[in-house]
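Each remark here refers to the structure printed beneath this line.
The values are calculated or read from the model by the stated rules, or taken from the named source; none is laboratory data. Small disclaimer: the values here were computed from a predicted structure and weren't measured. Positions of Cβ are generated from backbone atoms using ideal geometry, with glycine treated the same way; all protein chains shown enter the neighbour counts.
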């Protein structure tokens, strides 16, 4: 599959990252979801770096993740990274979670669409 020809707008990438930084999902869920996402699907280099760092940090509590992420992103070459500006002033609430999950699922489905035999996503 040609990963350079994907239809993901910037807000979809950011929504996926907002979900992964949310207090409303468990750390193990974050690890599982980030493992299903392909960093190559993220056009924006900053978004790709954020996903890679979230994945690298593993199953840590959301407040620790949000505390550690700015320094790690800065060291990756994004000196002006501001987590609050990046995620928005407010953390996602329960009503927004459905849209955030939908963004992640859309990206996961795209990644595994042509990889039926290796797909970790069960078929019905």
- Message: Of everything in the range 45-67, what is within 17 Å of residue 86 (Cα to Cα) and surrounded by 14 or more Cβ atoms within 10 Å (Cβ to Cβ)? Give them in sequence order.
- Response: 46, 47, 48, 49, 50, 51, 52, 53, 54, 62, 65, 66
- Message: Among (1) at pLDDT 95 or above; (2) closer than 21 Å to residue 113 by Cα, there is one condition residue 4 misses while meeting the rest; what is its number?
- Response: (1)
- Of all residues in the range 74-85, how many are modelled with pLDDT of 95 or more, out of contact with any helix residue (DSSP H, G or I) (no Cβ under 6 Å at 6 or more places or on another chain) and either part of a helix (DSSP H, G or I) or surrounded by 15 or more Cβ atoms within 10 Å (Cβ to Cβ) (or both)? 2
- Expected single match for surrounded by 20 or more Cβ atoms within 10 Å (Cβ to Cβ) and more than 21 Å from residue 74 (Cα to Cα) among 41, 24, 36, 20 is 41
